[in-house]
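The structure under discussion appears below in the form of structure tokens.
What follows draws every value from the coordinates through simple rules; no lab data is involved. Please read all numbers here as calculations on a predicted model, not as lab measurements. Note that we place each Cβ from the backbone using ideal geometry, even for glycine, and neighbour counts take in every protein chain shown.
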Amino acid sequence: MTILHIDTSINGDNSASRQLTHSLVDQLKSSQWGEQIVYRDLAANPIPHLTLDQFADTSVLDEFLAADTIVIGAPMYNFGIPSQLKAWFDRIAIAGKTFQYTENGPQGLAGGRRVIVALARGGIYSDGSPAASYEFVERYLRAAFNFIGIEPEFVLAEGLAISPEQREQSIGHALGETLRLAA
Ligand SMILES: Cc1cc2nc3c(=O)[nH]c(=O)nc-3n(C[C@H](O)[C@H](O)[C@H](O)COP(=O)(O)O)c2cc1C
């Protein structure tokens, strides 16, 4: 079994999403014997924005297709995902490989994989909050992975910029969720 571990935060050791993805991968590793881990740090080694020529390079797609579980750190940047993560998704949403159009509409071809997203954001965007309609990280990733046949799971730490207490409480709760999800 192979876990693809992807981090995207520019915050290095101060990153909440990195803390959560590391916890998820550590737990998944210890619950299954012989897990192989492939690590991709999209902040340290960004994938260039898509160009027509780059469709010929399938290395990112092949790495994704070889994974059984994909753990992704997704900080909210300006209401959406980091552009580094969008550049990665642009390499894996490939017609004929991860989705196809049929007479009945689009069909995902990448099912059978588990995707767990660790989402971190400074403010509060949960359902019912005043800023809920500004949330495009979970909404986008849910739609994007659904499109290729995967129902992603989410671990959320939010309100991290509100106060140090709120940050500690929110990350603590999310770390607990990582244990539950990886069990
Ligand atoms: C460039 C940038 C843009 C951000 N935009 C938002 C935003 O739109 N909404 C929000 O709630 N937090 C925003 N934040 C705060 C981050 O979501 C928050 O610091 C989160 O913890 C980042 O994840 P990380 O700790 O893994 O780096 C932004 C941070 C940066 C650096």
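Things to note:
- Distance between modelled label sites at R114 and E168, nm, 7 Å Cα→Cβ extension: 3.2 nm
- Note on region 130-171: with charges restricted to the Cβ of Lys and Arg (+1) and Asp and Glu (-1), its dipole about the Cα centre is near 140 debye.
- Residues F147 and N78, FRET efficiency given R0 of 25 Å [Cβ-Cβ distance, rounded to 0.05]: 0.65
- Approximate spin-label separation D68-D127, in nm, with each point projected 7 Å along Cα-to-Cβ: 3.2 nm
- Net charge of neighbours whose Cβ lies under 11 Å from the Cβ of L28, counting Lys and Arg as +1 and Asp and Glu as -1: -1
- Helix-only mean residue ellipticity at 222 nm for the chain, each DSSP H run of n ≥ 4 adding -39500 (n - 2.57), per residue, nearest 500: -10500 deg cm²/dmol
- Between N11 and Q107, full extension at 0.36 nm per residue minus the direct alpha carbon distance yields a gain of 30.9 nm.
- Semi-axes of the equivalent ellipsoid for region 83-183, computed as √(5λ) from the eigenvalues of its C-alpha gyration tensor and ordered from largest down, come to 30, 15, 12 Å.
- Within-14-Å neighbourhood charge of P46 [Cβ basis; K, R +1; D, E -1]: 0
- Average 1/r across all pairs of distinct alpha carbons in the chain, invert it, and you get the Kirkwood radius: 16.9 Å.
- Of S31, S15, S129, the residue with the greatest mean-square motion in the GNM of the chain, using alpha carbon springs below 10 Å, is S129.
- Placing +1 on the Cβ of every Lys and Arg and -1 on the Cβ of every Asp and Glu, with nothing else charged, gives the chain a dipole about its Cα centre of roughly 80 debye.
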